[in-house]
Each structure stands twice: as structure tokens, then as C-alpha cells.
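Student: I have a structure here, written as C-alpha cells, and I will follow up with some questions on it.
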Amino acid sequence: MGTLVDDAASVEFHAFFERHYAELSRLAHLLTGEPDAADDLAADALLALWHRWDRVRAADRPTAYARGVVANLARTRIRAAVRERRRITLVWSQREDRAENPDVPGTVDVRQALCRLPFRKRACVVLRHAFDLSEKDTALALGVSVGTVKSQTSKGMAELKRLLGTDEASVRMHAGALPTGGTGGRDR
């Protein structure tokens, strides 16, 4: 059971939430330029405030404190987006020219099967086989270990083979069925 102090803190926090959520969401939107992410950032900030509510409510200006939390979360999100863009640029800069006369039905089949894979497996398979990155470069691009790349690529290829039937997945991936036109995923 909660104590009287806990209940009072909870009521006080809920009132703070109701008064400031929309404002914090607008701030997040203006800082990131992402309307969809704004509500999430505001909610994350308020969750962080709730965990430190004793300190926040004792502050001289709790609203300013909340705005600072939103600004820090927005900065983190922007930095992550910049890192992601750099990773994508790295991958695209190593890209070879497109394959001539691609197998369009095969490409559609592979793309549909890829969409059914969880993100990490899909990313490992695409970077290793369609972009022909080494395990190390794939790990760097995704921010995971080489062991994770190995296991996720193996599991992803097995799932693709199951979805496409027989060895069709590796044949189409190696034949440039994806738009990058890579030559396959050699182990390095």
C-alpha cells in the first residue's frame, strides 16, 4: 500500500503531467522536426521526471527542469539520426553499380520475404549479401558485435530459404536480386 506522501506525490505528478505534457511535446517537435517522435520524447521525459520526482518537485523551477530533459532527449535522438545517416552513407559509398537485367519477379519475392524478417536479421542479411560488407563492417554499421552479425545472418538466411523454398534465397541474393547489385557475401 502507498503512503500518504506517495499518494500526494502521485497526485502532484499527475497534475504536472496534465499541465505540461502538450507543451513538452511541442518543444520536442520543434527541436527534432519530427511530429511523430515528439509525443514519445515528451512521454520519455515525463517518465524520467517521475523517477526523480522528489528532486524535480523540490527544484525552484520544475518546468525548466522538464524542458531540459526534453532538450537532452531530443539532442540524443538527433545525434543518433546523424550517426545512422553516416552509416548509410558508408554503406552506399561502397555500393557497386546495379546489375544488368535483374530478375524482377525474383526481386519482388526476395523483398517480400525480407520484409517478414525481424529488423536485425534483415539488416544483417542485406548488408552482408546485397551490399557485400564484411562481418566486421556490418557489425560497425549496425553497432553490434561480429558474433551477432554471424548468428543473425545465419538465422536470417535460413528463414529466407524457408520462406522462398530451397536455395532460392542465396541464389537470388548472390545474383543481384536486390537493387544494390552486390555480388554476394564473402566471409572476411
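The values are calculated or read from the model by the stated rules, or taken from the named source; none is laboratory data. The shown structure was predicted, so the numbers you read here are calculated from the model rather than taken from an experiment. Positions of Cβ are generated from backbone atoms using ideal geometry, with glycine treated the same way; all protein chains shown enter the neighbour counts. Each accessible area value is taken on the protein alone, full model and side chains, heavy atoms only, with ligands, DNA and RNA left out. Shrake-Rupley method; radii C 1.70, N 1.55, O 1.52, S 1.80 Å.
Student: Could you list, in sequence order, the residues of segment 27-69 that are open to solvent by less than 20 Å² (accessible area, probe 1.4 Å), under 21 Å from the mean Cα position of the chain (by Cα) and under 17 Å from His14 (Cα atoms)?
Tutor: Correct list: Ala42, Ala45.
Student: Taking into account only those residues within segment 137-175 that are of a type in the set (A, V, I, L, M, F, W, C) and part of a loop (DSSP other than H, G, I, E, B), which is modelled with the lowest pLDDT?
Tutor: Among those residues, the one meeting the criterion is Ala175.
Student: Leu178 passes all but one of (1) modelled with pLDDT under 85; (2) part of a helix (DSSP H, G or I); which number fails?
Tutor: It fails just one condition, (2).
Student: Cβ contacts < 9 Å: first residue free of Cβ contacts under 8 Å to residues at least 12 places away in the same chain and under 9 Å from Val70 (Cα atoms), restricted to segment 27-42; second residue open to solvent by less than 80 Å² (accessible area, probe 1.4 Å) and among the aromatic types (Phe, Trp, Tyr), any location; separation 6+ or different chain. Result?
Tutor: Matching pairs, first to second residue: none at all.
Student: Please go through segment 51-72 and pick out each residue that is over 21 Å from Leu31 (Cβ atoms) and in a helix (DSSP H, G or I).
Tutor: Within segment 51-72, His51, Trp53, Asp54, Arg55, Arg57, Ala58 qualify.
Student: Something else now. Might you check whether a residue that is over 30 Å from Leu127 (Cβ atoms) and at pLDDT 85 or above occurs anywhere in segment 71-83?
Tutor: Yes, because at least one residue in segment 71-83 is over 30 Å from Leu127 (Cβ atoms) and at pLDDT 85 or above.
Student: Thr89 is checked against (1) modelled with pLDDT under 85; (2) more than 30 Å from Lys161 (Cβ to Cβ); (3) surrounded by 12 or more Cβ atoms within 10 Å (Cβ to Cβ) and fails just one. What number does that condition carry?
Tutor: Going through the list (1) modelled with pLDDT under 85; (2) more than 30 Å from Lys161 (Cβ to Cβ); (3) surrounded by 12 or more Cβ atoms within 10 Å (Cβ to Cβ), Thr89 breaks only (3).
Student: Here's something else I'd like to know. Looking at segment 109-126 only, could you name the residues that are open to solvent by 20 Å² or more (accessible area, probe 1.4 Å) and in a helix (DSSP H, G or I)?
Tutor: Within segment 109-126, Asp109, Arg111, Gln112, Cys115, Phe119, Arg120, Lys121, Arg122, Val126 meet the criteria.
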